[in-house]
1. Looking only at the range 150-171, count how many residues are in a helix (DSSP H, G or I) and free of Cβ contacts under 8 Å to residues at least 24 places away in the same chain.
2. Just the residues that are outside any helix (DSSP H, G or I) and under 16 Å from residue 5 (Cα atoms), please, taken from the range 173-192.
3. Quickly run through the range 1-54 and pick out the residues that are assigned to a helix (DSSP H, G or I), more than 22 Å from residue 189 (Cβ to Cβ) and more than 11 Å from the chain's Cα centre (by Cα).
4. Any idea which residue in the range 150-192 is surrounded by the fewest Cβ atoms within 10 Å (Cβ to Cβ), counting only those that are in contact with a strand residue (DSSP E or B) (Cβ under 7 Å, 6 or more places away or on another chain) and either within 13 Å of residue 52 (Cα to Cα) or at pLDDT below 90 (or both)?
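The values are calculated or read from the model by the stated rules, or taken from the named source; none is laboratory data. Keep in mind it's a predicted model, so treat the numbers as computed, not measured. Using ideal geometry, Cβ is built from the backbone for each residue, glycine included, and neighbour counts are taken over all protein chains shown.
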């Protein structure tokens, strides 16, 4: 398992709801936390590691053994209020940052790996991270939410990711669209 970079097709795939959690999926969730910490992130969606499933992990401390670890399965944002602009980045676009306007406060619901449902009202970085990761599950990148001028400022970096992706794919170091689709189907049949 590894963090995939833009423009990998799975990043634009609308993830399927998780219907069952088994030991293998729990192990993948653990591995997602490890990858997130290695990359110095605070959130990581399943499709950022190639899994087409509606789940993400989060720890606002961004360091193993610090803060609180959260696993969100089948998250939904039920209500939002206010507006807040802040800089965002993404582990699938390392080094790219830009301002994103989002609701300041959200009420979300999700399931824990044990099947227990929880609902919470959050604001600040917690709300921003929940929205950013939930966007991933819908195939939306934070750059899609940037204004035109801000996006223009980072377009050369984004273009470089596209060129690198095509080069690696041409060298056979990345899976084809068919291989990606087959893996997605396998995971969806198993968990969705």
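1. Here the count works out to 11.
2. Residues of the range 173-192 outside any helix (DSSP H, G or I): 173-176, 192.
Passing the criteria: 173, 174, 175, 176.
3. If the condition is that a residue be assigned to a helix (DSSP H, G or I), more than 22 Å from residue 189 (Cβ to Cβ) and more than 11 Å from the chain's Cα centre (by Cα), then 30, 33, 34, 35, 37, 38 are the ones that fit.
4. 192
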